[in-house]
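Presented below is the structure to which this report refers.
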Amino acid sequence: AQSVTQPDIHITVSEGASLELRCNYSYGATPYLFWYVQSPGQGLQLLLKYFSGDTLVQGIKGFEAEFKRSQSSFNLRKPSVHWSDAAEYFCAVGTYSGGGADGLTFGKGTHLIIQP
Amino acid sequence: EPEVTQTPSHQVTQMGQEVILRCVPISNHLYFYWYRQILGQKVEFLVSFYNNEISEKSEIFDDQFSVERPDGSNFTLKIRSTKLEDSAMYFCASMETANQPQHFGDGTRLSIL
């Protein structure tokens, strides 16, 4: 069974500084990888996805992530954070079998705090 | 942009009562999902639904849970006899086709008293 590890429960970053959120996964084959963001009281919004091809993927709101097969990682980055980026960030892995789409497996999330 | 809609946003129910959570997926989507998130914990998969039947379910999705797509637009999750530990945020998601991302609704907060 697949699993996702987000080693940082909380991260505090100054506004305008760069950001990297870590995500490691465990899965026997190449997974489909996602980053979602959750603002307080809101649902999960898709930031970006990796299915295949270029290992550096661009998402919304200036985020990007890089898939590194050798490290089983899919870290999320942003060169300059804004106060509105404060939220909970979830990494997720998806698998597709038999033409159907299995449920996503989520990490425990990283709570991002932005300091003025 | 089309979105997944969930109602109600907050449901309070007495323990032992039945509850139905409702979702309207994005109209051209074919795959439907329910997840839950207990306060302070990660999002957990419950069930997936495709072609009018369950395609996968987790250990959490026991006989107390059922899903239904009663018409062409709604997708419901029923809990027959609620327990205190069912208190959580429940998210519905839909996906257009395989190899596409899932789109989530804003969730229903279920509180069991």
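Would you confirm, using the coordinates I've provided, whether A:ALA87 is at pLDDT 95 or above and touching a Phe, Trp or Tyr at 6+ places or on another chain (Cβ under 7 Å)? Please lay out each step first, then the result.
Details: at pLDDT 95 or above: yes; touching a Phe, Trp or Tyr at 6+ places or on another chain (Cβ under 7 Å): no.
It is false that A:ALA87 is at pLDDT 95 or above and touching a Phe, Trp or Tyr at 6+ places or on another chain (Cβ under 7 Å).
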Residue tally, condition more than 7 Å from chain A (Cβ to nearest Cβ), in contact with a strand residue (DSSP E or B) (Cβ under 7 Å, 6 or more places away or on another chain) and closer than 17 Å to B:TYR35 by Cβ, over segment B:71-102: 13
One residue from A:TYR32, A:TYR50 being facing chain B (nearest Cβ under 9 Å) and either out of contact with any Asp or Glu (no Cβ under 6 Å at 6 or more places or on another chain) or surrounded by 21 or more Cβ atoms within 10 Å (Cβ to Cβ) (or both): A:TYR32
Qualifying residue in segment B:37-45 (condition: β-branched (Val, Ile, Thr), within 22 Å of A:VAL4 (Cα to Cα) and touching a residue at least 24 places away in the same chain (Cβ under 8 Å)): yes
Members of segment A:35-47 that are surrounded by fewer than 16 Cβ atoms within 10 Å (Cβ to Cβ), under 22 Å from B:TYR33 (Cβ atoms) and not polar (S, T, N, Q): A:GLY41
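Rundown of residues vs (1) surrounded by 20 or more Cβ atoms within 10 Å (Cβ to Cβ); (2) under 28 Å from B:GLU1 (Cα atoms); (3) in contact with a Lys or Arg (Cβ under 6 Å, 6 or more places away or on another chain), yes/no style:
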position: B:GLY40; (1), (2), (3): no, no, no
position: B:GLU53; (1), (2), (3): no, yes, no
position: B:ILE60; (1), (2), (3): no, no, no
position: B:GLU68; (1), (2), (3): no, yes, no
position: B:ASP86; (1), (2), (3): yes, no, no
position: B:ASN99; (1), (2), (3): no, yes, no
position: B:GLY107; (1), (2), (3): yes, yes, no
Of all residues making up segment A:18-33, the number that are closer than 16 Å to A:ALA87 by Cα and either out of contact with any strand residue (DSSP E or B) (no Cβ under 9 Å at 6 or more places or on another chain) or outside any loop (DSSP other than H, G, I, E, B) (or both): 3
Test result for B:GLN64, of a type outside the set (Val, Ile, Thr), over 13 Å from the mean Cα position of the chain (by Cα) and surrounded by 12 or more Cβ atoms within 10 Å (Cβ to Cβ): yes
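The values are calculated or read from the model by the stated rules, or taken from the named source; none is laboratory data. The shown structure was predicted, so the numbers you read here are calculated from the model rather than taken from an experiment. Methodologically, a virtual Cβ is constructed for each residue, glycine included, from the backbone with ideal geometry; neighbour enumeration extends over all protein chains shown.
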